[in-house]
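Reading through the structure tokens given below for one structure.
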Amino acid sequence: MQPAEWKTFIAQFAALSRRQRLASTALLRGAGSQNAAVALVESVARQRLHCPACNSSHAHRHGHAHGLQRYRCVPCGRTFNALTGTPLARLRHKTLWLDYANCLLESASVRKAASQLGVHRNTAFRWRHRFLSLAKTDRPHCLHGIAEADELYVLESEKGARHLTRPARRRGGHARKHGISSEQVCILVARDRTGQTRDFVAGKGALTKAQLHACLPPVIDKDILLVTDDHAAYRAFAREAGISHQAVNVRAGIRVQGAAHVQNVNAYHSRLRAWLGPFHGVATRYLPNYLGWRWILDAGRIRSPETLLKATLGEFPHLTVT
């Protein structure tokens, strides 16, 4: 291009819209960004390459499609790529995946992420739950030593549902009934003194020992000391499960009894509530995804977009428990 033509060309950039400028920037750096995301995806796939249809590891390269290496399974003849059978299958704009992973690590809203990446807000919302569907499962296998357990309640939400089972209300509104009722969703949080945390959407209404039996036994040691408030459900559960239990009578103003307290889990509750606030009501059906997202941020084990993209494909950093 001649210098005069170049000057005429760049003079037109002042008239571009914001979306056009973002598209131009993505076009200029597209090869590098796409190569980075694709190389990361391919590196994860090579470690466990197998056919999603028959689970055979005997496959041959079979050309390229959509920027990814395709493979043909020898036993069954099916073709697949590194994303087949993963939450990211059939998603487009691979050049933006690392940038979107960074938006998740910054807790960006749907509209803010969409504006930064130059995509539609529905795309940003779809990506949020695709990225979190596997990443949320990166949890501690078991809690050890002294573990605190407590529950918190959030307003049940049918945001996004086409057919409501109750009269509509404003997002982030208030329950019609006072106190704990079926309008509230119970979130059970258990946290040991090393910071390892497990949380569960127990159900609607007050916490019961049946819910505790369904949630806690698979994730706690038999020799654990369970510290809770004086809720009767915890005492009944600990007695029937045969584990050590100590209750702290928070209602009477007793918050600490030696090493027994629930301040760690209550601090986690506080951070969780503050973080959920800007979302103005989270749909109950997506609540497990948001709990997993919060754990990603609170644990600090996933600190880079590259690590989060790997977790989206099922490759997690190793847990370290002391």
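Count, please, the residues in region 305-316 that happen to be open to solvent by 30 Å² or more (accessible area, probe 1.4 Å) and touching a residue at least 24 places away in the same chain (Cβ under 8 Å). Break it down stepwise before answering.
To start, the set of residues in region 305-316 that are open to solvent by 30 Å² or more (accessible area, probe 1.4 Å) comprises 306-307, 310, 315-316.
In the following step, the residues that additionally are touching a residue at least 24 places away in the same chain (Cβ under 8 Å) were identified as 306, 310, 315-316.
Residues flagged as open to solvent by 30 Å² or more (accessible area, probe 1.4 Å) and touching a residue at least 24 places away in the same chain (Cβ under 8 Å) within region 305-316 amount to 4.
Give the residue, chosen from A236, A202, A241, that is small (G, A, S), touching a Lys or Arg at 6+ places or on another chain (Cβ under 6 Å) and farther than 19 Å from N264 by Cα.
A236
Assess whether R162 counts as being part of a helix (DSSP H, G or I), among the charged types (D, E, K, R) and farther than 22 Å from I187 by Cα. Steps first, please.
On the way: part of a helix (DSSP H, G or I): no; among the charged types (D, E, K, R): yes; farther than 22 Å from I187 by Cα: yes.
No, not satisfied.
From the set of residues in region 58-108 that are polar (S, T, N, Q) and under 25 Å from E306 (Cβ atoms), which is modelled with the lowest pLDDT?
So, considering only residues that are polar (S, T, N, Q) and under 25 Å from E306 (Cβ atoms), the one modelled with the lowest pLDDT is T95.
Just to be sure, is H120 exposed (fewer than 13 other Cβ atoms within 10 Å of the Cβ) and over 20 Å from L291 (Cα atoms)?
Details: exposed (fewer than 13 other Cβ atoms within 10 Å of the Cβ): yes; over 20 Å from L291 (Cα atoms): yes.
Yes: the conditions hold for H120.
Tell me which of these A274 doesn't satisfy, since it passes every other one: (1) of a type in the set (A, V, I, L, M); (2) closer than 30 Å to H245 by Cβ; (3) under 16 Å from the mean Cα position of the chain (by Cα); (4) open to solvent by 30 Å² or more (accessible area, probe 1.4 Å).
(3)
Restricting to region 103-117, give me the number of residues that are open to solvent by less than 60 Å² (accessible area, probe 1.4 Å) and either assigned to a helix (DSSP H, G or I) or of a type in the set (F, W, Y) (or both).
Matching residues across region 103-117 total 8.
Output the number of residues of region 178-213 satisfying the condition of being surrounded by fewer than 16 Cβ atoms within 10 Å (Cβ to Cβ), among the aliphatic types (A, V, I, L, M) and either touching a Leu at 6+ places or on another chain (Cβ under 8 Å) or modelled with pLDDT of 95 or more (or both).
Total meeting the criteria: 1.
Being open to solvent by 20 Å² or more (accessible area, probe 1.4 Å) and within 23 Å of L155 (Cβ to Cβ), is that true of even one residue in region 226-235?
Yes, region 226-235 has at least one match.
For region 159-179, does any single residue satisfy the condition of being β-branched (V, I, T), more than 24 Å from P278 (Cβ to Cβ) and under 23 Å from the mean Cα position of the chain (by Cα)? Walk me through it before giving the result.
Pass one, region 159-179, residues β-branched (V, I, T): 165.
So of that shortlist, the ones also more than 24 Å from P278 (Cβ to Cβ) come out as 165.
In the following step, the residues that additionally are under 23 Å from the mean Cα position of the chain (by Cα) were identified as none.
Taking every residue of region 159-179 in turn, none turns out to be β-branched (V, I, T), more than 24 Å from P278 (Cβ to Cβ) and under 23 Å from the mean Cα position of the chain (by Cα).
Only residues that are outside any helix (DSSP H, G or I) and closer than 22 Å to Q196 by Cα: list them for region 223-241, please.
Residues satisfying the conditions are D223, I224, L225, L226, V227, T228, D229.
For G195, which of the numbered conditions (1) within 26 Å of H129 (Cα to Cα); (2) not in a loop (DSSP other than H, G, I, E, B) fails to hold?
Every listed condition holds for G195 apart from (2).
Could you please let me know if H280 is at pLDDT 90 or above and open to solvent by 50 Å² or more (accessible area, probe 1.4 Å)?
no
In this structure, is W293 surrounded by fewer than 17 Cβ atoms within 10 Å (Cβ to Cβ) and either in a helix (DSSP H, G or I) or small (G, A, S) (or both)?
No, not satisfied.
For the list (1) more than 19 Å from T197 (Cα to Cα); (2) small (G, A, S); (3) surrounded by 14 or more Cβ atoms within 10 Å (Cβ to Cβ), I need the number of the one condition that A260 fails.
(1)
Can you tell me how many residues in region 246-290 are in a loop (DSSP other than H, G, I, E, B), among the small types (G, A, S) and touching a residue at least 24 places away in the same chain (Cβ under 8 Å)? Can you show your working first?
Taking region 246-290 as the starting set, the residues that turn out to be in a loop (DSSP other than H, G, I, E, B) are 249, 253-255, 258-259, 262, 280-283.
Then keep just the ones that are among the small types (G, A, S); that gives 253, 258-259, 281, 283.
Then keep just the ones that are touching a residue at least 24 places away in the same chain (Cβ under 8 Å); that gives 259, 281, 283.
Summing the residues that are in a loop (DSSP other than H, G, I, E, B), among the small types (G, A, S) and touching a residue at least 24 places away in the same chain (Cβ under 8 Å) in region 246-290 gives 3.
The values are calculated or read from the model by the stated rules, or taken from the named source; none is laboratory data. The structure presented is a predicted model; accordingly, all values stated were derived computationally and were not measured. As a convention, Cβ positions derive from the backbone with ideal geometry for all residues, glycine included, and neighbour counts pool all protein chains shown. When the accessible area is computed, the model is the full protein with side chains, heavy atoms only, and any ligands, DNA or RNA have been set aside. Shrake-Rupley method; radii C 1.70, N 1.55, O 1.52, S 1.80 Å.
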